[in-house]
Structures are given as structure tokens and as C-alpha cells.
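Here the structure is laid out as C-alpha cells; the discussion comes afterwards.
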Amino acid sequence: MIVLEYYFGCSDSLSIRTMNELLKKYNYEPSILKNFRSSLKYKLPSRYDKLMIDSGGFSLLSLPDRKMFRKYAEYIERMNPDYCINFDISCKPEKLKQYNLSVEQAQEISNENYWELVELLPVQPLPVIQGQNVGDYLNHIEMMGQDNISLDAVCIGSLVGREVMECISIIEAVKKELPNSHIHGLGVSIPKLKNETLRLMLDSADGHGFSYNIWYGNKEKNIRLKLGRWIRQYCRFRSSENLAQTTLMR
């Protein structure tokens, strides 16, 4: 067994409902990821282990400004999470087109946003390494080093929608460049983590798509049966002395 800390995305009613079912049926307190952009619309599950808050930068219609940074800082201070994530700029082609930016410009803005948040936040945000191809990600690491951004713990962004082998190539390159860093994969689904090569390279990950498949993925109407089947298929849960972790089956 390989133990990997997994943060379940809880930014919609379905995912929160799923997490509450985990608590009710299995008495399992999950680590969760909360999207700041949906913070006012959806509540947190009734209990949880660790809390990570994402800025929700990928869903913005315009680039974040100082006013939004202040709101994010106020929310972080109020929620007191274990970790929070930088207001990074996604390097997905559609987002770059929306903002009329090149990959390098998006990376530069992400670095600038990091230092804006450092001045405002009570905790240091996790930087997000961005890019479209392996070379872009490595260039961003170099840029972060030049900007004196701490790389002890980092997130890898723009992984959503990629094939497993493409994700592996990116994560492997980042891991080789930062062998002693904690690597968190943003938006890495549990089915992808069934790939042992990918799983072994990550220290933690998060995802949102799990809840839809449980509630609407097939014709089975007994939600608790589907939830139990989902747990048995993808992961087993265990509690350690200090935290609850997700143990993914090889």
C-alpha cells in the first residue's frame, strides 16, 4: 500500500453531500479542498480532517486585483486552513486566450500574485507551477527561483483534462527538478491515481469529479451501495495517530 494524502473537492452540493455520507456511514473524516470562489454559496461538511483552500483562479472571468486579494486574505484568516493556494493563472489555452496572455506572461503574473498574497495572508500560500508542456513547467520553476519564491512545497497546475501519460511526464520532470519538495497535484482524479507510476510521484492530490459518478454515474439508485462500492474500488481508509489519510490500492 502507498499512502497518499487526498483532498476531496467540496465546492458544490453534491460533493458536500458525499462527504457527509462518508461521515455518517463510515465515520471517516476526509481532508477537503474548498474553492474560495464558492465559499459563500456552499458550506463545509460537518466534520473534516485537514482543510486546503484554493483561490479558484482558474474560474475567474478576469485577472484578480488587489480587492480580490484582500477578500481572499480575509477568508483565509476566518477559515484558518492548513494550507492555501496562490492566485495562479491557468496556462490552459482557453484561459490564455481569454486573458490575451502568453504562457510566460501568465507565469509572471502568478509570481507577482504570490508576493501580493504573502503581504496579506496570515500563512504562506502554496505556489503553483504552471505551463502547457514540460519545458514551460521547468521554465516556471526557474522563474520562481529567480523571484525567491519558496519551493519547499508546490502545486502542479493545468493537469485537468490531460491523459495519464502526459500528467506523468510533467510530474516526473518537476519531481526531478525539485527532488526534496512536497508535490501536490491539482485536479488529479482518483481514477488517475490508480496508475502506480503517477501515484508514487505525488505526495498529495485533490479532485472534484468523484461525487457526480456516485450520485448520477449509473442506474443504481441506492446511493449508500454506490458509495461503498466506490470506496472499495478506488481506496481504503485508515486513521493514523495524527491525521486521516487516503490509502490508494495498488
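Here, each number is a calculation from the coordinates, and none is a lab measurement. This one's a predicted model, so the numbers in the text were calculated from it and none came from an experiment. Note that we place each Cβ from the backbone using ideal geometry, even for glycine, and neighbour counts take in every protein chain shown.
Worth a mention:
- Here the gap between Arg66 and Glu172, fully extended at 0.36 nm per residue and compared with their Cα-Cα distance, gives a gain of 34.7 nm.
- Rounded Å value of the spacing that divides the Cα centres of segment 166-206 and segment 9-37: 23 Å
- Sorted ascending by nearby beta carbons within 10 Å, beginning with the fewest, His184, His140 become His184, His140.
- Charge tally in the Cβ shell below 12 Å around Met165, where Lys, Arg are +1 and Asp, Glu are -1, Met165 excluded: -1
- Between Glu119 and Glu104, the simple spin-label model (points 7 angstrom out along Cα→Cβ) gives 2.6 nm.
- Net +/- balance of residues flanking Cys155 in space, Cβ distance below 10 Å, scoring K and R +1, D and E -1: -3
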